[in-house]
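What follows is a set of notes on a single structure, which appears directly below.
Rule-based calculations on the coordinates, nothing more; no lab input. Since we're looking at a predicted model, the values are computed, not measured. Cβ coordinates were reconstructed from backbone atoms using ideal geometry, including for glycine residues, and neighbour counts include every protein chain displayed.
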Amino acid sequence: MSVQPSAPEAGKRPAMTMHSLMKMLADGEKITMLTAYDATFAAVADLAGVEIILVGDSLGMVCQGHNSTLPVTLEAMRYHTECVARGVQKQNGRPIILGDMPFGSYATPEQAFQSAATLMQAGAHMVKLEGGAWLAPTVEFLVTRGIPVCGHLGLTPQSVNTLGGYRVQGRTETGAQKLMQDSLLLQNAGAQALVLEMVPAALSSSLTQALPRCHTIGIGAGNGTAGQVLVMHDMLGINLGKNPKFVRNFMAEADSVLAAMAAYVAAVKNGSFPDNALHAW
Ligand code: KIV
């Protein structure tokens, strides 16, 4: 399986590495992340120029039909990571593959290492964990053992039961201060990327300024972050539920999935997505 390039240069870009990712941060180039869960969509995302493919535990909702991400197992994440890695390898092999650590797979540093090793052996280049201060020792444990880490703060869907729903985080002074402290702890522990989900735009911009060694990747966090991520089904307009305010349907003006993904990449790069007036708090 190989998806045909849309542009002459499509097959020529070098593979992304953690080094090139850090250079993009230093150069101020926006980073594009998109979820994918299978070989074909991952290959299309690669061709469209996406820099990081997130094999998200959102697959529990969009692929498996659950109401939350909590039922997703490590074995399911391993399987989908392998599928994505095969798709990318058969295409340009360019994006970094980010494997999401599922609920219950990183309660201790040792358990986190075993779970992360499973995803890395399945083809991930980096893993993502949800949580703040309590995770900093785990992040350091993984990074010192050769596993690049992406944090996830703000709305952390695996904690939906303690958060009381899918709602904007960091709106109070105390909440904002906690997010700042947690972000700094994760960066100082060695996290090189940090997803900020449903965080007010002004706060996300401040967090981004405060984190010179860690890419902030926003979803519902405004346009002041170092990069953006969306769930693929949302940006293709095939999520039949009510879409959150931060989603833009890129398929609405595209004639193919490849064109929609390429439009997403272009819009993030040129700063037209997200639009704070429409997609942020
Ligand atoms: O699992 C996922 O897709 C995610 C994104 C919402 C960032 O964590």
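State all residues of region 192-218 that are touching a strand residue (DSSP E or B) at 6+ places or on another chain (Cβ under 9 Å), farther than 19 Å from Glu29 by Cβ and of a type in the set (A, V, I, L, M, F, W, C); if no residue qualifies, say none. Within region 192-218, Met198, Val199, Ala201, Leu203 qualify. Taking region 241-273 as the range and being closer than 14 Å to Thr32 by Cβ and of a type in the set (S, T, N, Q) as the test, the residues that pass are Asn270, Ser272.
Applying a threshold of 8 Å to beta carbon distances and a minimum spacing of six or more residues, or different chains, the list of pairs starting in region 175-200 at a residue that is closer than 15 Å to His152 by Cβ and of a type in the set (D, E, K, R) and ending at one that is assigned to a helix (DSSP H, G or I) and away from the ligand (no atom under 16 Å from the Cβ) reads Asp182/Ala133.
Looking only at region 59-99, residues that are within 13 Å of the ligand (Cβ to nearest atom), surrounded by fewer than 20 Cβ atoms within 10 Å (Cβ to Cβ) and either among the polar types (S, T, N, Q) or within 19 Å of Tyr264 (Cα to Cα) (or both) come to 2 in all.
Residue check: Tyr264 meets all listed conditions (1) without any contact (Cβ under 8 Å) to a residue 12 or more places away in the chain; (2) more than 18 Å from Val62 (Cα to Cα); (3) of a type outside the set (S, T, N, Q) but one, namely (1).
Against the test of being within 23 Å of Asp100 (Cα to Cα), outside any strand (DSSP E or B) and in contact with a His (Cβ under 9 Å, 6 or more places away or on another chain), the options Asn223, Asn243, Asn239 yield a single qualifying residue, Asn239.
A search for C-beta distances below 6 Å between a residue of region 56-85 that is within 16 Å of Ile97 (Cβ to Cβ) and any residue that is charged (D, E, K, R) and surrounded by fewer than 20 Cβ atoms within 10 Å (Cβ to Cβ), counting only pairs 6+ apart in sequence or on different chains, returns Cys83/Asp38. Note on region 33-58: among residues that are hydroxyl-bearing (Ser, Thr, Tyr) and outside any loop (DSSP other than H, G, I, E, B), the one that is farthest from the ligand (Cβ to nearest atom) is Thr40. Evaluated against (1) surrounded by fewer than 21 Cβ atoms within 10 Å (Cβ to Cβ); (2) of a type in the set (A, V, I, L, M); (3) over 27 Å from Arg145 (Cα atoms), Leu184 falls short on exactly one condition, (3).
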